[in-house]
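Here the structure is laid out as structure tokens; the discussion comes afterwards.
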Amino acid sequence: MKVLNWSVLKNGFGVCVEPSDNVHLLKDSLDLIELIALDFHNFDDGRGYSQAHLLNRWGYTGEIIGINAHIDQLQFMIRSGVTSYRLQEQYKEYDESDYADGFSICYQSAA
């Protein structure tokens, strides 16, 4: 994990979390963190969804941003508790609403 020098932060700080990072290390400091960026660069790696779910379950109220995301990951990121996202550059011309609206019927509950 690395601390971010994020220009949008007001008084707190942000943390960038890689899929292999242990988010349990953040659990006792969540009230001090304004933004948590989860890296979704690897399409085959679903650990970011679990990390977002855990952060929400622990009562984190700051922004959880999915970074380096593939467009096909949007509906899953949103369902797991990601509050905003930054897509990879290759998707800048795509209509995100087709991918972010999610499924019409879901079998599991969401964050």
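The values are calculated or read from the model by the stated rules, or taken from the named source; none is laboratory data. Fair warning: this is a prediction, and the values are worked out from it, not measured in the lab. Here the Cβ is made from the backbone with ideal geometry for all residues, glycine too, and neighbour counts use every protein chain on show. Only protein heavy atoms, including side chains, enter the accessible area calculation; ligands, DNA and RNA are left aside. Shrake-Rupley method; radii C 1.70, N 1.55, O 1.52, S 1.80 Å.
A few remarks follow.
- Protein-only accessible surface at a 1.4 angstrom probe places the residues His53, His70 in the order His53, His70, largest first.
- A Förster radius of 22 Å, combined with the Cβ-Cβ distance separating Glu18 from Thr61, puts the computed FRET efficiency at roughly 0.45.
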